[in-house]
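Let me begin by presenting the structure, written as structure tokens, before commenting on it.
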Amino acid sequence: MESVVIPDQKVKARRKDPRELSTAISVELRRMARKARLAKPVSSGGGGFRARRSDKAFRAVILSSLLFVFILPSIISVVYYGIIASDQFVSEARFLVKSSDGREISSFGGLGALLGGQSTDAAIVSEYIHSRAMIEALGKKFDLRKIFSSDEGDFFARINPDASAEDLVEHWEKQVSIKTDRASGLITLTVRTFSPETSRALAGEIVELSERMVNDLTGRNRSTSLVETHEGLLRSQEVLRQAVIDLRDARNEAGILDADVENKAITEIMTALSLEESKVDVQIASLIRTETTSGPQLRALQARAAAIKDQLATYQQQLAGGNLTGQDRDLADRSASLSQRALEVKIAQNEYARASASYELARLNAERQKSYLLTYVQPRRADEALYPNRVLMSFVVSISAFIAWAVLAGIALLVRDHTAA
């Protein structure tokens with residue numbers, strides 16, 4: 001242990017008082033003891049009265065971690081991305097799901113609000129492109145396992161030629177990227193493979209299969225609509241046929257074709273008879289005033305007046321009050337029945353006209369392409385590899401490794417200093 005040296009000035013200042021001198025020595029000894037317990041930074045080789053063995057071990061751990069956490073991963077990333085990593089070519093396509101009338105299709109339902117404003121149709125297309133159904137559809141034309149296990153790719157970028165369907169789907173999601181604009185529904189498709197021709201061919205086929213899927217889904221809706229409208233047309237046709245039969249039977253039962261026309265004719269006849277009756281009554285009154293009450297002319301006029309009254313009574317009964325030719329209903333009842341039947345025929349005709357228009361519209365929609373993908377950026381053959389970005393990826397790995405080492409080293413130093421204190 002180092003000897004404790006008391007400054008001369010302090011000794012001289014307290015030489016007259018031994019108790020103060022003893023107190024000063026004790027304080028100085030305690031200060032030196034605390035200083036000996038505290039560890040100096042590792043870079044200075046440790047501290048205290050002598051270098052500790054734990055300091056040397058701790059410094060070795062820090063340097064080892066620097067090697068394995070930062071230096072070695074950085075070297076590996078530079079070697080991999082600079083020499084080993086294979087070039088991958090990107091082909092891009094951009095499109096929008098549209099309908100034939102220029103609006104976004106709505107045949108998939110109103111779920112757009114539930115997706116935070118994102119177009120429902122675009123979301124469905126995106127999910128389909130990343131699904132196993134898309135891989136199986138592409139498998140009819142492309143051998144995806146062969147494409148992604150090509151010898152042109154490096155060990156880490158390619159997959160096993162005998163990879164399972166689940167592994168292929170997982171790798172597919174990494175190689176095929178879908179970005180959708182939440183407001184407009186614009187879709188950006190990017191495909192990465194080891195060949196520029198393959199990337200372009202895959203991107204074009206994906207767009208075609210997506211459009212076919214959209215048409216299949218909307219085609220089902222159109223087919224369902226066509227069947228439903230045709231069934232409605234048949235029902236309205238049957239209702240109209242039955243209404244026409246009922247009107248015919250009612251006319252046969254009433255013995256008239258049109259109650260309104262017959263009412264009008266009877267009314268005109270009754271008006272004429274009433275006028276004639278008035279003339280006869282005037283003539284009878286004139287003869288009575290001349291006191292020729294027993295003359296043949298008066299009797300003839302009275303007989304004519306009686307005949308006219310009988311005719312008027314008959315027509316009145318026919319309109320509203322009695323039996324006519326053995327029929328149990330008067331003309332008013334027959335007129336009401338015929339009007340009701342005619343109204344039913346008119347309603348059935350209107351329903352049939354609407355059903356026919358709906359069926360014709362559904363038929364026209366079924367015969368044309370209702371929905372399609374508006375591809376405003378066609379897939380192109382890449383002239384150079386865009387992936388991997390060798391400099392950027394090496395830099396990102398190095399920075400990430402350094403941050404990880406710095407965090408671990410900082411935590412270790414804090415724990416050591418706290419323990420030493």
Handout entry: Unique residue being in contact with a Lys or Arg (Cβ under 9 Å, 6 or more places away or on another chain), among the β-branched types (Val, Ile, Thr), within 26 Å of Arg94 (Cα to Cα) and modelled with pLDDT under 85 when the list is Thr188, Thr218
Key = Thr218
Problem - the range 376-391 - residue that is under 29 Å from the mean Cα position of the chain (by Cα) and not in a loop (DSSP other than H, G, I, E, B) and, of those, surrounded by the most Cβ atoms within 10 Å (Cβ to Cβ) - result: Val377
Exercise for the section: Scan (1) in a helix (DSSP H, G or I); (2) exposed (fewer than 15 other Cβ atoms within 10 Å of the Cβ) for the single condition Glu211 breaks and write down its number. Expected result: (2)
Completion exercise
By residue number, the members of the range 152-174 that are in contact with a helix residue (DSSP H, G or I) (Cβ under 7 Å, 6 or more places away or on another chain), of a type outside the set (Val, Ile, Thr) and not in a loop (DSSP other than H, G, I, E, B) are Ala165, Leu168, His171, Trp172
Problem - Search result, residues across the range 325-352 that are modelled with pLDDT of 65 or more, of a type in the set (A, V, I, L, M, F, W, C) and in contact with a helix residue (DSSP H, G or I) (Cβ under 7 Å, 6 or more places away or on another chain) - result: Leu338, Ala342, Val345, Ala348
Completion exercise
When the range 146-157 is checked residue by residue, the ones that are open to solvent by 50 Å² or more (accessible area, probe 1.4 Å) and of a type outside the set (Lys, Arg) are Asp151, Glu152, Phe155, Phe156
Practice task
Out of the residues in the range 159-205 that are among the basic types (Lys, Arg) and in contact (Cβ under 8 Å) with a residue 12 or more places away in the chain, state the one that is nearest to Ser86 (Cα to Cα).
Solution key: Arg192
Practice task
Filter the range 107-145 for residues that are loosely packed, with under 12 Cβ neighbours inside 10 Å and modelled with pLDDT under 60 and give the result.
Solution key: Gly109, Gly110, Ala113, Leu114, Gly116, Gly117
Exercise for the section: Mind listing just one residue for me: the one in the range 175-185 that is open to solvent by 30 Å² or more (accessible area, probe 1.4 Å) and in contact with a helix residue (DSSP H, G or I) (Cβ under 7 Å, 6 or more places away or on another chain) and, of those, farthest from Ala93 (Cα to Cα)? Expected result: Thr180
Practice task
List the number of the failed condition for Asp8; all other conditions in (1) over 30 Å from Ser126 (Cβ atoms); (2) modelled with pLDDT of 55 or more; (3) acidic (Asp, Glu) hold.
Solution key: (2)
Exercise for the section: Kindly indicate the residue of the range 17-75 that is of a type in the set (Val, Ile, Thr) and open to solvent by less than 50 Å² (accessible area, probe 1.4 Å) and also modelled with the lowest pLDDT among those meeting that condition. Expected result: Val42
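The values are calculated or read from the model by the stated rules, or taken from the named source; none is laboratory data. Treat the numbers as computed from the prediction; the structure is a model and nothing was measured. Glycine gets a Cβ as well: all are built from the backbone with ideal geometry, and neighbour counts include every protein chain shown. Calculation scope for accessible area: heavy atoms of the full protein, side chains included, ligands and nucleic acids excluded. Shrake-Rupley method; radii C 1.70, N 1.55, O 1.52, S 1.80 Å.
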